Structure formats: structure tokens, C-alpha cells
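Colleague: One structure follows; several queries about it will come next.
The values are calculated or read from the model by the stated rules, or taken from the named source; none is laboratory data. Just so it is clear, the model here is predicted, and its values are computed rather than measured. Neighbour counts run over all protein chains shown; Cβ positions are idealised from the backbone, glycine included.
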Amino acid sequence: MASTRVDGDGYAYAELYWLPLGAGGARCVRFNGRLFEAITARHQHRRAQDLYHSALQVQFAGNRYVIEMAPVWSLNTPERGVVCQGAVGLPWLGRSRLFRYEVRCWRDGVIPDLAEAVASPQRLSTDPALAHRLLELTPTFPTATWGRDELHCGDMWNSNSLISWLLARSGHHPEFVEVPPRGRAPGWSAGLVVAARQDAAAPIAEAPVP
């Protein structure tokens, strides 16, 4: 796909990165993820797969942004583009920063453990309008409780829900996104379900009177 310039201020694009769950030496996260997947796979009568967390990098009007969901305590950088927060595990636990997540739309930001990304980056678009829409939508993400299915989607709400929701609502094509071989992205379908509901509920503009 050819790159599209934005008024001489640089290229516009959106790229997706897949990070292995527990990348960067987070042994506890990796162990719990593998345990969860082993139990889930056994219940669903299938083989266990590798679990992945997704993040976006967006270039627009000469600026680069990182869009990602992560625990509040995972970075000490004061300015990291936080646009909204939600609870982890149970709603009341969100009173403590130990059980809160944050959604970042971080100008000139970094994706921690980017060096461990698999089958990445995946270029999703080079349309300035789509890139701008991603940035506009990020602060409006529904901050349901991480790890639960409060919105009754049939899947947990997590960082992958953020990315799939953004792609669906911004006019991208999340159905073309490829998870790494032998991998799985829990929460991805939840974002798509909520996006479809919101699109269906959106008012239809009336045709102009001739």
C-alpha cells in the first residue's frame, strides 16, 4: 500500500504490534497467562496457544503516537499520554492504583519490550483520515473492568479489546489483522462486539431536503 503524505508534515500510517504476554521478564504475568490458557484450552478441548497483547503506533501530521493499555504502575514516566483509566479484576479494586489500568495515546512514546514483538509491525493503513480518527477515538474507549465480561461480549475486556475496538470504530478492517502463528489474542472479539453495538446504535443522518 502506498504511503500518503499529510500536507508536507510527514507520512500518515497506523501499525499494529504483537507483544508476547509477559514480555520483558514479567515472569508472574507469563506464568499466570500460561496457566489461564492451559485451563481454557482444556475446557474448550483444544491445544494451548501462545497469548499476545497488542499495541498501535500511529503517525499523523508529523507526529508519532503510541496507543496502548497497561497497568498504571507499569511505567514511572510522568508524561505518557494517559487519556482514561479503569479497574482491574473488580470495580472496587480500582480505588487502588495497583488495580487500575490506563489507556495511553502517547506522543513520541515508546512500546515497552518492543524488541520482543512477533510478526510485527503490521501496516494497517496510510490514510490520514483513519489515523486522525484513531487518535480522536482513544479517549472515548469504554473503560469496563479489565479481565471481566461486564459488557456481556462472551470474552474478557482487556488491552486487545482496546485495539480491536479502535480499529473497528475508526474504519479500519480488524478482520484482516493476523495473530502470530499458534497464537491467540484474548479480548479481541470483545472489542469488536462493543464496536458493532455502538455503530448499530448510532443515529442515521437524515438525507438533505432537495
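Colleague: Does at least one position in the range 97-107 carry a residue that is within 14 Å of the chain's Cα centre (by Cα) and of a type in the set (Phe, Trp, Tyr)? Spell out the reasoning first.
Modeller: Going residue by residue through the range 97-107, those that are within 14 Å of the chain's Cα centre (by Cα) are 101-106.
Now restrict to residues that are of a type in the set (Phe, Trp, Tyr): 101, 106.
Within the range 97-107, one or more residues are within 14 Å of the chain's Cα centre (by Cα) and of a type in the set (Phe, Trp, Tyr).
Colleague: Just a yes or no: is a residue in the range 121-144 part of a loop (DSSP other than H, G, I, E, B), modelled with pLDDT under 95 and either out of contact with any Asp or Glu (no Cβ under 7 Å at 6 or more places or on another chain) or under 18 Å from Gln59 (Cα atoms) (or both)?
Modeller: Our first condition is that a residue be part of a loop (DSSP other than H, G, I, E, B); within the range 121-144, this holds for 126-127, 141-144.
Subset that is modelled with pLDDT under 95: none.
Looking through the range 121-144, none of the residues is part of a loop (DSSP other than H, G, I, E, B), modelled with pLDDT under 95 and either out of contact with any Asp or Glu (no Cβ under 7 Å at 6 or more places or on another chain) or under 18 Å from Gln59 (Cα atoms) (or both).
Colleague: Additional query: With respect to Arg133, is the statement that it is among the basic types (Lys, Arg) and crowded, with 16+ Cβ neighbours inside 10 Å true?
Modeller: On the way: among the basic types (Lys, Arg): yes; crowded, with 16+ Cβ neighbours inside 10 Å: yes.
Yes: the conditions hold for Arg133.
Colleague: When you look at Val103, is it among the aliphatic types (A, V, I, L, M), under 20 Å from Ser54 (Cβ atoms) and part of a strand (DSSP E or B), yes or no? Spell out how you get there, then give the answer.
Modeller: Details: among the aliphatic types (A, V, I, L, M): yes; under 20 Å from Ser54 (Cβ atoms): yes; part of a strand (DSSP E or B): yes.
Yes.
Colleague: Checking the conditions here, which among Phe31, Phe36 is surrounded by 15 or more Cβ atoms within 10 Å (Cβ to Cβ), at pLDDT below 70 and out of contact with any Asp or Glu (no Cβ under 7 Å at 6 or more places or on another chain)? Outline the logic, then answer.
Modeller: Working: Phe31 fails: surrounded by 15 or more Cβ atoms within 10 Å (Cβ to Cβ).
Being surrounded by 15 or more Cβ atoms within 10 Å (Cβ to Cβ), at pLDDT below 70 and out of contact with any Asp or Glu (no Cβ under 7 Å at 6 or more places or on another chain) holds for just one of Phe31, Phe36, which is Phe36.
Colleague: In this structure, does Gly25 turn out to be of a type in the set (Gly, Ala, Ser), at pLDDT below 95 and more than 20 Å from the chain's Cα centre (by Cα)? Quick ask: steps written out before the conclusion?
Modeller: Working: of a type in the set (Gly, Ala, Ser): yes; at pLDDT below 95: yes; more than 20 Å from the chain's Cα centre (by Cα): yes.
So Gly25 fits the description; yes.
Colleague: Another one. Just checking, which of Val58, Val110, Val118 is surrounded by fewer than 19 Cβ atoms within 10 Å (Cβ to Cβ), in contact with a strand residue (DSSP E or B) (Cβ under 9 Å, 6 or more places away or on another chain) and touching a residue at least 60 places away in the same chain (Cβ under 8 Å)?
Modeller: Details: Val58 fails: surrounded by fewer than 19 Cβ atoms within 10 Å (Cβ to Cβ); Val110 fails: touching a residue at least 60 places away in the same chain (Cβ under 8 Å).
Criteria check complete, one pass: Val118.
Colleague: A follow-up question, please. Of the numbered conditions (1) crowded, with 16+ Cβ neighbours inside 10 Å; (2) within 14 Å of the chain's Cα centre (by Cα); (3) assigned to a helix (DSSP H, G or I), Glu68 satisfies every one except a single condition; which is it?
Modeller: Only one criterion is unmet by Glu68, namely (3).
Colleague: Let me ask another. Which one of Trp165, Trp157 is touching a Phe, Trp or Tyr at 6+ places or on another chain (Cβ under 7 Å) and either touching a residue at least 40 places away in the same chain (Cβ under 8 Å) or in a loop (DSSP other than H, G, I, E, B) (or both)? Reasoning before the result, please.
Modeller: Numbers: Trp165 fails: either touching a residue at least 40 places away in the same chain (Cβ under 8 Å) or in a loop (DSSP other than H, G, I, E, B) (or both).
Residue meeting the stated conditions: Trp157.
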